[in-house]
Amino acid sequence: MAERQGQAAPDAVLTRIGQVVMLHHAGDREEARHRLLGLWAEIGMHGDPLHRCTLAHYLADTQDDPADELAWDLRALTAAEEAKEEALAVTAVTALYPSLHVNLADDYLRLGRHDAARTHLRWARGAATALADDSYGDGVRAAIGRLESRLGEGGPGAWTPPRQRP
């Protein structure tokens, strides 16, 4: 019935990922990593690109080593590139791009690769124009601003976060 009203049926895999992310946000990072890795094994390297993108994006957040976090963030970006070719995934991936790039910028900054960090920060800024004026968009724009400060890119002429028109 929901599909007849123009709504898509819930995606069971994304729901499961979301449940594990709530566990992570509640403070159980180790268990979240374990469960996300289990989902990764279940989905596989050739599973649905949107699922892989989302899963790798959150798996990166559970890593202790910045190099491991970078590897998962790169997997997420690769899967996002694959997912954007699927009509149903375009909207979701478009909303993920700013976050993917800001995470990669942060990874590169922590690894001392400032040029790569600046490149991904620039891409995050560009992709942020697609974000809605909601809590998710505000959070990503705030993360971009914090990273700008860490890279010393604030001050006069600094990037102003785009806002949606009312």
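Just so it is clear, none of the values below were taken in a lab; they were calculated from the coordinates. Predicted model, so just to flag it, every value in this text is computed and none were measured. Every residue, glycine among them, receives a Cβ derived from its backbone with ideal geometry; neighbour counts consider all protein chains shown.
For this structure, a couple of remarks:
- Segment 39-91 shape via C-alpha gyration tensor axes, a/c threshold 1.5: prolate
- What the Cβ-Cβ distance of T119 and T94 gives, at R0 = 22 Å and to the nearest 0.05, is a FRET efficiency of 0.65.
- Straightening the chain between S149 and T15 buys 44.8 nm, computed as 0.36 nm per residue apart minus the Cα-Cα spacing.
- Computed packing ranks the peptides 44-50, 98-104, 117-123 as 98-104, 117-123, 44-50, most packed first, by mean other Cβ atoms within 10 Å.
- In order along segment 46-56, the Karplus-derived 3J(HN,Hα) couplings, from 6.51 cos²θ - 1.76 cosθ + 1.60 at θ = phi - 60°, round to 10, x, 3, x, 5, 5, 5, 4, 4, 5, 5 Hz, and Gly and Pro are given as x.
- Highest to lowest packing among 73-84, 124-135, scored as the average C-beta count within 10 Å: 73-84, 124-135
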